[in-house]
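**Student:** This structure is in structure tokens; I'll ask about it shortly.
Nothing in this text is a laboratory measurement; each read-out follows from the coordinates by a stated rule. As the structure is a computational prediction, the values presented were derived from the model and not from experiment. Please note: Cβ atoms are built from the backbone with ideal geometry, for glycine as well, and neighbour counts cover all protein chains shown.
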Amino acid sequence: MNAPTDLDVLKEAGKKAAPTEPVKSCKYGGGRFEVGKAGVSFIGVDNEGNDKPPVWVCSSLDVLAKTRDNKSGEWGRLLAWLDDDRVPHQWAMPLELLEGDGGDMRRELARLGVHIATAKGARDLLATYIKVWPVQHRARCVDRLGWHGGVFITPSGVIGASDESVVFQNAHAIEPAMCVSGTAQAWRDSVAALAAGNTRIVFALSVAFAGSLAGITGEDSGGFHLRGKSSSGKSTALRVAASVWGDPSTYVRQWRATSNGLEGLASLHNDGLLILDELEQVDPREAGEAAYMLGNGQGKARASRNGTARASQRWRLLFLSSGENSLAAHMARSGKKANAGQEIRLADFDADAGCEMGVIEDLHGFATPAAAVLAIKDAAAKHHGAVGLAWLQCVVTDRMKLVDFIQDGIRQFVGDVVPAGAAGQVERVARRFGLVAVAGEMATHYGLTGWTEGEAARAARACFASWLEGFGGTGNREERATLEQVRAFFEAHGSSRFESVDATENLRIVNRAGFYRGDGGVREFLVLPEAFKREVCQGLDTRTAMAVLVKAGWLQPGNDGKTAQKPRLPGLGPTRCYVFTGRMWEGDQ
């Protein structure tokens, strides 16, 4: 059984509070601060030693503990209070917020229900009270949610037992979107029940569970992108996934954000699920870098105010995205080309499951796909958050014995879906899909979904097959892109910029790229060195491209072992050039 958190203690204190509750006090500056039912007050003394009228500072606010990180830095105070509805709150506030006018601190407290005096002198006393109030208890503060040793930190407390209190200390007042409405049982009987039989929705829900497993086995961060036309239900799949952790209306974020904003969101969803809707809202010139950053799990390095290096934000998470186009197509709008690293970090697949109903495959008795979508959206709006906490309780309890189980499940999934001889990139993405499959099956095993055994795994296999088809096969993505670019060059210029090596007339070739030989059949193209480097291999690493072309049999090396040959060319004599064979026209690459 988990140890009670400071928030639990505060709840009990709120229940037991009575009008006769004793007033607590501490001395300061010849006077004293008092904390009671009426709130925090400061009582000074006059020149004769008599008490002055109390100066009311704020409504009741308790300082529970001194907080600090693992390196004995980032000191703060754990504050707790009840709002006007008797709802308990706590905030691990960094002390650095007090080293100014205290405005950021007061704004956050006011936002969460603390009443603060309006007079400047009384307002300033609030920071003093927090600083000087004597506290003996210590708590370890962390700046990220998620796993910290064997415990899992959520915005409302700690799941699992630790040697000391652990609290989430947030200096930037970015509110996590996790919240609870209804019960895990109600979620299972409504949201999960309507998701069954719909591979895209089952997969999205499984992704929501999988984020907290990546840290256990050391899997990389990465994302999944549902692409499809408007009204295909892709945004619904994202909202349903959000219901595992919170209110879909607030948990789902938008791609429209700066790099700094995305870093903050990613850190806030560490060891969990980040959901970003509408890829088209982000600048195409920045989309690829954003996918890289989220998948790499680390933000930019920056300098602090005094010029020293500030630790970059780090995270491990899974993220779900949606949009009408793939990442590559979106980037192409600004003339940028997506590389393989970006595409495998954000694995996109068709939101349409193939039944001409968008994400819907099983109507569950509803007359139309639209009615089925509306029903599951309404269910997610009513029941959310509780199942995520129930999931974490199960995972934290079994954490030590889950490592081998998860890894075995991923290996089995990869072995089932990855064809023999597939490139490492394919296997890397397959591992991510495998983690999702394992998470969905585990949630079913724990009784959280009500799905039949194998439901989540089947959904993951269907979505992986869709991704693999869109990815273009099992080969290396960079190699395939290189071959596509080279062939496109010859398709565009093979008849206009190459001169026959056997030409007897002095034909004028504008902007010549080389020569060709062989008539009446497949031509060989002899490309001059500068045209090869600057045009055929534009944007590519030349040496890498050479190796790919030789491996594919498109580029014929010379007898001396060098990549280029040295034939005699009209008007040039013996000249080094790159000889392309007819292999480039054989089948699809």
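**Student:** Would you pull out the residues with amide H under 5 Å of Y516's amide H, same chain only if 5 or more places away, H placed 1.01 Å from N?
**Tutor:** Excluding prolines and chain starts, which carry no amide H, the hits are E499, S500, V501, L526.
**Student:** With only alpha-carbon atoms counted, please give the Rg and Dmax of the range 184-471, in Å.
**Tutor:** 18.1, 64
**Student:** Can you pull the one-decimal nm distance between simple spin-label points at V23 and D189, each 7 Å off the Cα toward Cβ?
**Tutor:** 5.2 nm
**Student:** In degrees between 0 and 90, to the nearest 10, how far off the longest principal axis of the chain does helix 369-382 point, with axes built from Cα atoms?
**Tutor:** Its long axis makes an angle of about 30 degrees.
**Student:** Per the Debye formula with a single identical scatterer at each Cα and no solvent contribution, what log10 I(q)/I(0) holds for the range 6-168 at q = 0.17, 0.20, 0.21 Å⁻¹?
**Tutor:** With one equal scatterer per Cα and no solvent, log10 I(q)/I(0) is -1.08, -1.40, -1.50.
**Student:** Return the FRET efficiency for the residue pair V87, E164: r is the Cβ-Cβ distance, R0 is 30 Å, and the value is rounded to the nearest 0.05.
**Tutor:** With R0 = 30 Å, the Cβ-Cβ based efficiency is 0.70.
**Student:** Now, a different point. Please list, in order along the range 345-358, the HN-Hα scalar couplings obtained from phi with the Karplus expression 6.51 cos²θ - 1.76 cosθ + 1.60 (θ = phi - 60°), rounded to whole Hz, x for Gly and Pro.
**Tutor:** Values, residue by residue: 6, 10, 6, 9, 8, 5, 5, 6, 7, x, 9, 6, 10, x Hz.
**Student:** Filter K52/K131; K71/K300; K71/K401; K24/K52; K27/K131; K52/K120 down to the pairs with a C-alpha to C-alpha distance above 20 Å, please.
**Tutor:** K52/K131; K71/K300; K71/K401
**Student:** Given points 7 Å out from each Cα along the Cα-Cβ axis, report the H445 to K52 separation in nanometres with one decimal.
**Tutor:** Computed distance between label sites H445 and K52 equals 6.6 nm.
**Student:** From the convex hull of the Cα coordinates of the range 223-278, what is the mean projected area in square nanometres?
**Tutor:** 4.0 nm²
**Student:** Something else now. How far is helix 259-268 tilted, in degrees, relative to the longest principal axis of the Cα atoms in the chain, given as a value from 0 to 90 rounded to the nearest 10?
**Tutor:** 60 degrees
**Student:** Oh, and also: Cα atoms only, the chain: Rg and Dmax in Å?
**Tutor:** Final numbers for Rg and Dmax: 31.2, 119 Å.
**Student:** Could you list which residues have their amide H under 5 Å from that of D348, counting only those 5 or more apart in sequence or on another chain, with H placed in the peptide plane?
**Tutor:** H225
**Student:** Which FRET efficiency value, to the nearest 0.05, is calculated for Q254 and T128 with the Förster distance at 51 angstrom and r the Cβ-Cβ distance?
**Tutor:** 0.80
**Student:** Right, here's the next one. To the nearest 20 debye, what is the magnitude of the charge dipole of the range 459-589 about its Cα centre, counting +1 on the Cβ of each Lys and Arg and -1 on the Cβ of each Asp and Glu?
**Tutor:** Roughly 340 debye for the range 459-589.
**Student:** From the residues N270, W391, T236, which one has its Cα farthest along the dipole of the chain in the positive direction, the dipole being from +1 and -1 charges on Cβ of Lys/Arg and Asp/Glu about the Cα centre?
**Tutor:** So the residue furthest toward the plus end is N270.
**Student:** Right, something else. Within straight cross-link reach of K382, meaning Cα distance under 30 Å, which lysines are found once same-chain residues fewer than 8 apart are removed?
**Tutor:** The reachable lysines, counting only those whose Cα sits under 30 Å from K382, are K11, K15, K229, K234.
**Student:** Roughly how many debye, to the nearest 20, is the charge dipole of the chain about its Cα centre, given +1 on each Lys and Arg Cβ, -1 on each Asp and Glu Cβ, and no other charges?
**Tutor:** The calculation lands at about 1380 debye.
**Student:** Which length gain, in nm to one decimal place, applies between A371 and T542 when the Cα-Cα distance is subtracted from 0.36 nm times their residue separation?
**Tutor:** That works out to 56.1 nm of additional length.
**Student:** Can you spot the aspartates and glutamates whose alpha carbon is less than 20 Å from K336's alpha carbon? Ignore those fewer than 8 places along the same chain.
**Tutor:** E278, E280, D283, E286, E289, E324, D348, E478, E479, E484, E535, D541
**Student:** Here is a further query. If a paramagnetic tag sat 7 Å from the Cα of S495 along the Cα-Cβ line, which residues of the range 550-589 would have the backbone N under 18 Å from that point?
**Tutor:** The answer is 585.
**Student:** Report the calculated FRET efficiency for S312 and E469 (r = Cβ-Cβ distance, R0 = 56 Å), to the nearest 0.05.
**Tutor:** 0.95
**Student:** Name the residues whose placed amide hydrogens come within less than 5 Å of the amide hydrogen of L569, ignoring near sequence neighbours (fewer than 5 apart) on the same chain.
**Tutor:** The list, which skips near neighbours in sequence, is T575.
**Student:** Another question, then. In nm, to one decimal, how far is the K229 label point from the D404 one, both placed 7 Å along Cα→Cβ?
**Tutor:** According to this spin-label approximation, the distance is 5.1 nm.
**Student:** Here's another thing I want to ask about it. Helix 120-132: angle to the longest alpha-carbon principal axis of the chain, degrees 0 to 90, nearest 10?
**Tutor:** Computed tilt is about 80 degrees.
**Student:** Another question, if that's okay. Report the gain in length on full extension from T397 to T452: 0.36 nm times residue separation, minus Cα-Cα distance, nm rounded to one decimal.
**Tutor:** Stretched fully, the T397-T452 segment lengthens by 17.5 nm.
**Student:** From the phi of every residue in the range 236-250, what ³J(HN,Hα) in whole Hz does the Karplus formula 6.51 cos²θ - 1.76 cosθ + 1.60 yield, where θ is phi - 60° and glycine or proline is x?
**Tutor:** The phi angles translate into 5, 4, 5, 5, 5, 4, 4, 5, 5, 10, x, 5, x, 5, 10 Hz.
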